[in-house]
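Student: Mind having a look at this structure? Questions to follow.
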Amino acid sequence: MHIPANKSLVNKHILLGVTGSIAAYKAAELVRRLRESGAEVRVVLSAGGAEFVTPLTFQALSGNPVHSELLDTEAEAAMGHIELARWADAVVIAPASANVIARLTQGRADDLLAAVCLATEAPVAVAPAMNQQMWANAATQDNLQQLRARGVHPFGPTEGGQACGETGPGRMLEAADIVRRTAELFDTGALAGLRVLITAGPTQEAIDPVRYLSNRSSGRMGYAVAQAAAEAGAHVTLVSGPTALATPPRVERIDVRSAEEMHAAVLGRATDADIFIASAAVADYRPAAPSEQKIKKTTDTLSLELVRNPDILAEVAALPGGPFTVGFAAETANLLEYARDKLARKDLDMIAANRVGGGLGFEAEENALSVIDANGVTELTQAPKAQLARRLTALIAEHFRRRSECFL
Ligand code: C5P
């Protein structure tokens, strides 16, 4: 499916490193383009970069404070190098001077940008910009080769006229190309060609025409998984309870309100799916007989009779030849024990358990997951939900392929 260019980085945190090269002025345009593509941008400006463009320019364009100091107590208290490293979905250094390329190769940690690059789990890309002789120098070429071997992505450079008056390779890629290459970092292809069905959000169970029973689920984790699965190349159908979230790019969304509506929407599609991920917080009970009229407050007490809702996940897991099933277990206590029990009782392929409360879970920006299957537990440590969703998606892809290979 085609993603509109202006939406290719929706919900992404891009940490842009700007270093000492005349091409630093082009980084200002890059910040604008990244934001137009939907990314949130934070700029780390090296001492060399600050010689070319002021922090104020990047602050105004990114809408965030600019980060430059490694050992400044105030700056570290606001957002330190480890937090920046964790915040980033990708680190893009543009322009990348010969100096920063050499420093990354050595694994230095003596300025903020180098320290963030060492500390991050996110992909790192460099867009070199330098004089053609500096680019051609064996030292730079060796450095690049080492960085590439370590998984750093080189973006460019291209050839052409240079600020110094020479012509040759060493020109930084244009901003639009850097944005496109950055978006491609997330297209892993791990689920290419597969159909993934996902539930997300809360359900609302009607009491009368204006009232309902529901829960605190924001839907964020499920939407993040839907986005990550689409980026991994899957055809994604998201069956969503009521949320305030925008549909991720390339995701087909079906809106439902109640557990019964979600049940019908999922069971109608489950046999076509390769993978089913149940992240919705489905209400376990619904009012037995919702009132057709608004209930009046005429009595001191009011009792509601509730009946059990269907267990959507358990039903999908029981389908003969059904999809690979992944459940979630949100618990306030005895996390692993309850999750293991759910894995066995519902006959799931995998379960992702998260502790709710204490700043984690439903309404929080970050989460941590213990992912359990027949072979054991994988811990996905605390991270923003979008990153966690990508790690979970990679794990699901790996386990799905392994199970499929067993059946060959
Ligand atoms: O049993 P429990 O509700 O804790 O199980 C949680 C898992 O089961 C989640 O993956 C949730 O989406 C799914 N579920 C469901 N239908 C229900 C209840 C839970 O699909 N009625």
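Student: Taking only segment 345-365 into account, find how many residues are closer than 17 Å to Pro384 by Cβ, modelled with pLDDT of 80 or more and either open to solvent by 50 Å² or more (accessible area, probe 1.4 Å) or outside the structural domain of Phe400 (by TED's automatic domain parsing) (or both).
Tutor: So the answer is 1.
Student: Are any residues in segment 7-19 at pLDDT 95 or above and open to solvent by 10 Å² or more (accessible area, probe 1.4 Å), and if so, which ones?
Tutor: Scanning segment 7-19 gives a single hit, His13.
Student: Checking Pro209 against (1) over 24 Å from Ala39 (Cα atoms); (2) not assigned by TED's automatic domain parsing to the domain that holds His263, only one condition comes out false. Which one?
Tutor: Result: Pro209 passes all but (2).
Student: Can you tell me how many residues in segment 261-276 are open to solvent by less than 20 Å² (accessible area, probe 1.4 Å) and either more than 9 Å from the ligand (Cβ to nearest atom) or touching a Pro at 6+ places or on another chain (Cβ under 6 Å) (or both)?
Tutor: Taking segment 261-276 and keeping what is open to solvent by less than 20 Å² (accessible area, probe 1.4 Å), we get 262, 265-266, 270, 273, 275-276.
Now drop any that are not either more than 9 Å from the ligand (Cβ to nearest atom) or touching a Pro at 6+ places or on another chain (Cβ under 6 Å) (or both), which leaves 265, 270, 273, 275-276.
The qualifying residues number 5.
Student: If Pro310 satisfies all but one of (1) more than 8 Å from the ligand (Cβ to nearest atom); (2) open to solvent by less than 40 Å² (accessible area, probe 1.4 Å); (3) closer than 20 Å to Leu348 by Cβ, what's the number of the condition it fails?
Tutor: (1)
Student: Could you run through segment 93-116 and say how many residues are part of a loop (DSSP other than H, G, I, E, B), within 22 Å of Val41 (Cβ to Cβ) and of a type in the set (A, V, I, L, M, F, W, C)? Steps first, answer last, please.
Tutor: Let us first name the residues in segment 93-116 that are part of a loop (DSSP other than H, G, I, E, B), namely 97, 107-111.
Restricting the remaining residues to those that are within 22 Å of Val41 (Cβ to Cβ) gives 97, 111.
Next, only the ones that are of a type in the set (A, V, I, L, M, F, W, C) stay: none.
So the count comes out to 0.
Student: Pull out all pairs, ordered by first then second residue, where Cβ-Cβ is under 6 Å, the residues are six or more apart or on different chains, the first lies in segment 322-344 and is touching a residue at least 60 places away in the same chain (Cβ under 8 Å), and the second is assigned to a strand (DSSP E or B) and open to solvent by less than 40 Å² (accessible area, probe 1.4 Å).
Tutor: From segment 322-344, the pairs are Pro323/Ile275; Pro323/Phe276; Phe324/Ile275; Val326/Ile277; Val326/Met350; Phe328/Ala352.
Student: Contact list please: Cβ distance under 6 Å, first residue in segment 174-196 and open to solvent by 10 Å² or more (accessible area, probe 1.4 Å), second residue part of a loop (DSSP other than H, G, I, E, B) and not small (Gly, Ala, Ser), pairs at least six apart or on different chains.
Tutor: Final answer for the pair search is Arg181/Phe155; Ala183/Leu9; Leu185/Pro123; Leu194/Asp274; Arg195/Asp274.
Student: Limited to segment 375-396, what total is found for residues that are outside any strand (DSSP E or B) and without any contact (Cβ under 8 Å) to a residue 24 or more places away in the chain?
Tutor: First pass over segment 375-396, keeping only residues outside any strand (DSSP E or B): 375, 385-396.
Among the residues that remain, those that are also without any contact (Cβ under 8 Å) to a residue 24 or more places away in the chain are: 375, 391.
Selection size over segment 375-396: 2.
Student: Okay, next question. Mind checking whether some residue in segment 80-96 is of a type in the set (Val, Ile, Thr) and more than 22 Å from Gln146 (Cβ to Cβ)? Spell out how you get there, then give the answer.
Tutor: So the first thing to find is which residues in segment 80-96 are of a type in the set (Val, Ile, Thr), and the list is 82, 91-93.
Remaining after also requiring more than 22 Å from Gln146 (Cβ to Cβ): 82.
For segment 80-96, residues of a type in the set (Val, Ile, Thr) and more than 22 Å from Gln146 (Cβ to Cβ): present.
Student: Also, I was wondering about something else. Quick one: which of Ser258, Ser240, Ser217, Ser279 is closer than 30 Å to Lys297 by Cβ, within 19 Å of the chain's Cα centre (by Cα) and within 16 Å of the ligand (Cβ to nearest atom)?
Tutor: Working: Ser258 fails: within 19 Å of the chain's Cα centre (by Cα); Ser240 fails: closer than 30 Å to Lys297 by Cβ; Ser279 fails: closer than 30 Å to Lys297 by Cβ.
Of the residues listed, the single one that is closer than 30 Å to Lys297 by Cβ, within 19 Å of the chain's Cα centre (by Cα) and within 16 Å of the ligand (Cβ to nearest atom) is Ser217.
Student: Also, quick follow-up: Of everything in segment 321-341, what is within 10 Å of the ligand (Cβ to nearest atom), in a helix (DSSP H, G or I) and open to solvent by 40 Å² or more (accessible area, probe 1.4 Å)? Give them in sequence order. Walk me through how you get there before you give the answer.
Tutor: Quick first cut of segment 321-341, residues within 10 Å of the ligand (Cβ to nearest atom) only: 325-331, 338-339, 341.
Checking the rest, the ones that are also in a helix (DSSP H, G or I) come to 338-339, 341.
Selection gives Tyr338, Asp341.
Student: When you go through Gly170, Gly151, Gly222 one by one, which is the residue that is at pLDDT below 95 and either surrounded by 22 or more Cβ atoms within 10 Å (Cβ to Cβ) or out of contact with any Cys (no Cβ under 9 Å at 6 or more places or on another chain) (or both)?
Tutor: Values: Gly151 fails: at pLDDT below 95; Gly222 fails: at pLDDT below 95.
Exactly one residue qualifies, and that residue is Gly170.
The values are calculated or read from the model by the stated rules, or taken from the named source; none is laboratory data. Just so it is clear, the model here is predicted, and its values are computed rather than measured. Note that we place each Cβ from the backbone using ideal geometry, even for glycine, and neighbour counts take in every protein chain shown. Note: accessible area is taken over every heavy atom of the protein model, side chains too, but ligands, DNA and RNA are not part of it. Shrake-Rupley method; radii C 1.70, N 1.55, O 1.52, S 1.80 Å.
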